[in-house]
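Report on the structure given below.
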Amino acid sequence: MTKLKAALLCLIVSAGLQAYGQTKKPIYLDNSQPTEMRVEDALSRMTLEEKVALCHAQSKFSSHGVPRLGIPEIWMSDGPHGVREEILWDSWGNAGFTNDSCTAFPALTCLAATFNPSLSNAYGVAIGEEARYRRKDILLGPGVNIYRTPMNGRNFEYMGEDPYLASIMVVPYIKGVQQNGVAACVKHFALNNQEEYRGHINVNLSDRALFEIYLPAFKAAVEEGKAWSIMGSYNQFRGEHCCHNDLLLNRILKKDWQFDGVVVTDWGGAHDTKQAALNGLDIEMGSFTNGLSSKATFGYEDFYLAQPFLKMLKSGKVPMSVVDDKARRVLRLIFRTAMTPNRPYGRFVCEDHSTIARKVAEEGIVLLKNDKQFFPIPAGKYQKIAVIGENATRSVTEGGGSSTLKVKYEVSPLAGLIARYGKDHVVYAQGYASGPSLYDREEPSRLDTKALFEAAVVAAKNADVVYFVGGLNKNHFQDAEGGDRKTYNLPFEQDKLIEAILKVNKNVAVILISGNAVAMPWVKDVPALVQSWYLGSEGGNAIANVLTGAVNPSGKLPFSFAKKLEDNGANSFSKIAYPGDSINEVYKEDILVGYRWFDTKKIAPQFAFGYGLSYTTFEYGKITTDKKSYGQDETIKVSFTLKNTGKVDGAEAVQVYASQPKASVMRPAKELKAFTKVFLKSGETQTVALEVKVKDLAFYNEKTNNWTVEPGEFVLRNAASAADVKSSVAIHVK
Ligand code: BGC
């Protein structure tokens, strides 16, 4: 190489290096840098206005990014059991997309009823894939508000009455969603245990009830599930709205639980700029922006965390560190989602998702009564099956409020049953009618309900067997957001219809579809009863598979079914305990929620928490522990044998409850501390091994504001449900 050529090459290389130096990615855009460095770098480049913009909505379901820096917007979508259709920018209307029909997964009551955490993970992965495919950064779910009263219109979106069950089931769901680079948004934090007065009711309860019953699932979601976002609830708690509640958000969530994610309001859940600024809220979303036309009166820039927040920051009423903290959290979420390296592309409405939806549905369906082995009923056993009831054909993915879904397909129970039994063997009669599914209002059906009733009785009379498919639906005042149920009984005169059917045909199975317990005045007279939930796209196939015996049921109730409404703790007091006096509400039953109440007060439920039958039978061996005495930091190893003593393979959700017979404070008769689902072939025996940490035997000590395990005797019980204890063992805690 000549000297000239070498000099030229040198020039080119150094010019190239210089150019590289100039175009070298800033740290916040460099995927190889740690997230926290990217966050700080991005923050250092932002103006105050840009930081404030991160803290509020720009449309119904999106919030700002930093367009100048190439940092994308955040896109959110409901909801816990499917990715909602696209909604217009400024109003609640359907945006009219043609590529947004999703897979409906079963509602979360069903997921909880599987008692199967690995299915919860599969569910989370699948719904996360659907959200990712649809380019969502936050999925607005799962919901883990505790089932306190069967009147709550939104119980179907949650995971039942037990904090331990909900804690164990929620964690794998979150992990599954987030492995797709989509944030789970755990909701509604906290104490949104009813829809009546939800926007303002001021909930009062003891610290014990708060920490032992209502917070554990959220805590698990944050500490173990590592949820990237959480949604504040509409209601108030001790005089402050939960979307900007100092105790809940600053002290418990962000300080004690070390939550490093984003607190999002429920839509329209913010009420005050200073509180929103100082009490832990990060992104304000809204329900009431009417579009550009009303922007001057109430638009996104008028949100509490928009211009009013900016003004307070500029005037020094709120320190700059406040907006920096919020912006950091939002940026962190964007780097974890939209700007994460190697984010998968997701999948949408595919066979695998249908399979998971069906498996969850099949494993969640609960067989409550099965006299003389009524079910399974294989094809060919009866010539004429009368399927009666509106829920046999009605869509249960539509309605219910924000969790409503536009689905690619939904197999109705009737379609599922016809596919198994053949159309020549099935007759259908609607029997009753509920009217259209409308948000926030009720409209009676225009059908001739008397004629429907009579036709159903005739169909029942002429059939060999009747499958009554009824229950609640997603209409207002049923299982729906924005209102509670009006009565504990089945609506639309179904009780009357069931009685009338029983008069002409005793061979009746009731298949209830609901997310709540109902009164069952006819329960003694029907030989078979199945609790089916809102099962999603594959509902009809799952029901048919269970009823025909292709699948052996293994679901167990995630909440107690009371015989009458007043048997529930929350409903046994005056209205201050439920639904409140419209301003205040006091959780008078305290920690005795669900089976804790029934057991401790010795009230027999209709069907207990944890209860569910199988087509096979199981024999439980005596419970034993690895030692007699334990230190405070030890783990109790529990074991017992379980044998499938019937003729078919099956699965059993076994439960271990603990109690402390002598304590310095009131303790529930027993509390769930471990469970697992065991699959056993006919005749097979397995040793079930479970662990209970001694520290999990603690109660929340209101004197020390901490958890206490008092030394002394504890009793552990293995059980098939809260009302079906098989054996017990006493241990000593030092
Ligand atoms: C509901 C939330 C939902 C939000 C957005 C609210 O009314 O309470 O659960 O995520 O709307 O649709």
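The table below gives the values:
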{"quantity": "Among 201-214, 416-429, the order from most to least packed when residues are scored by Cβ within 10 Å on average", "calculated": "201-214, 416-429"}
{"quantity": "Two-decimal log10 I(q)/I(0) for region 219-274, as the Debye equation yields it once each C-alpha is a single scatterer, q = 0.15, 0.20, 0.22, 0.30 Å⁻¹", "calculated": "-0.40, -0.70, -0.83, -1.26"}
{"quantity": "Ordering of 64-73, 399-408 by burial proxy (mean other Cβ atoms within 10 Å per residue, highest first)", "calculated": "399-408, 64-73"}
{"quantity": "Sequence-distant residues sharing a close amide H with Val586 (under 5 Å, placed H)", "calculated": "Asn204, Ala577"}
{"quantity": "Segments 617-628, 637-648 sorted - mean Cβ within 10 Å per residue, highest first", "calculated": "637-648, 617-628"}
{"quantity": "Cα-based equivalent ellipsoid of region 572-727: semi-axis lengths in Å, sorted from largest, via gyration tensor", "calculated": "32, 23, 11"}
{"quantity": "Distance (nanometres) between label positions extended 7 Å along Cα→Cβ at Thr47 and Glu499", "calculated": "7.2 nm"}
{"quantity": "Area projected by the alpha carbon convex hull of region 564-623, averaged over all directions, nm²", "calculated": "6.0 nm²"}
{"quantity": "For region 88-174, fraction of C-alpha pairs farther apart than 17 Å, in %", "calculated": "54 percent"}
{"quantity": "Estimated translational D of region 182-264 in µm²/s (Stokes, Kirkwood radius over Cα pairs; 4 °C; 1.567 mPa s)", "calculated": "102 µm²/s"}
{"quantity": "The chain: DSSP helices with Cα axial extent of at least 15 Å and average Kyte-Doolittle hydropathy no lower than -1.0", "calculated": "3-23, 117-133, 163-178, 320-336, 449-461, 494-504"}
{"quantity": "Additional length obtainable on full extension of the chain from Glu619 to Lys24, 0.36 nm per residue less Cα span", "calculated": "207.4 nm"}
{"quantity": "Nearby aspartates and glutamates by direct alpha-carbon distance to Lys643 (threshold 15 angstrom, same-chain neighbours under 8 apart not counted)", "calculated": "Glu619, Glu652, Glu684"}
{"quantity": "Cα convex hull of the chain, projected area averaged across orientations, nm²", "calculated": "39.3 nm²"}
{"quantity": "List Asp282, Asp440, ordered by accessible area with a 1.4 Å probe, largest first", "calculated": "Asp440, Asp282"}
{"quantity": "Largest to smallest principal axis extent of the C-alpha atoms in region 410-463, angstrom", "calculated": "39, 28, 10"}
{"quantity": "Distance from region 89-128 to region 300-347 (C-alpha centre basis), Å", "calculated": "27 Å"}
{"quantity": "Long-range tail of P(r) for region 148-205 (Cα pairs > 19 Å, %)", "calculated": "40 percent"}
{"quantity": "Normalised contact order of the chain, rounded percent, pairs of Cα under 8 Å and 6 or more residues apart", "calculated": "14 percent"}
{"quantity": "Charge context of Asp581, other residues only, Cβ under 14 angstrom, K/R +1, D/E -1", "calculated": "0"}
{"quantity": "The chain - accessible surface per residue (Å², probe 1.4 Å)", "calculated": "38 Å²"}
{"quantity": "Within straight-line cross-link reach of Lys575, aspartates and glutamates at Cα separation under 17 Å, skipping those fewer than 8 residues along the same chain", "calculated": "Glu195, Glu196, Asp484, Glu566, Asp567, Glu585, Glu589, Asp590"}
{"quantity": "Where Cα atoms sit under 14 Å apart: lysine pairs in region 412-526 separated by 8 or more or lying on different chains", "calculated": "6"}
{"quantity": "Gap separating the Cα centres of region 572-596 and region 232-282, nearest whole Å", "calculated": "23 Å"}
{"quantity": "Distance between modelled label sites at Val523 and Ile583, nm, 7 Å Cα→Cβ extension", "calculated": "3.9 nm"}
{"quantity": "Apportionment of accessible area to carbon and sulfur, the chain, percent (1.4 Å)", "calculated": "53 percent"}
{"quantity": "Fraction of beta bridges assigned by DSSP in the chain that are antiparallel (%, nearest 5)", "calculated": "55 percent"}
{"quantity": "5 angstrom amide H check on Lys187, placed H, neighbours 5+ away", "calculated": "Gly143, Val144, Met231"}
{"quantity": "Accessible-area order (highest first, 1.4 angstrom probe) of the listed residues His188, His732", "calculated": "His732, His188"}
{"quantity": "Nearest-0.05 FRET efficiency for Lys317 and Lys564, computed from C-beta distance (R0 45 Å)", "calculated": "0.25"}
{"quantity": "Computed over region 15-166, Kirkwood Rh from alpha-carbon pairs, angstrom", "calculated": "18.7 Å"}
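The values are calculated or read from the model by the stated rules, or taken from the named source; none is laboratory data. Computed from a prediction, not measured in an experiment: that's the story for all the values here. For neighbour counting, all protein chains shown are included, and Cβ atoms are generated from backbone atoms with ideal geometry for every residue, glycine included. The protein model used for the area step is the full one, side chains on, heavy atoms only, and it has no ligands, DNA or RNA in it. Shrake-Rupley method; radii C 1.70, N 1.55, O 1.52, S 1.80 Å.
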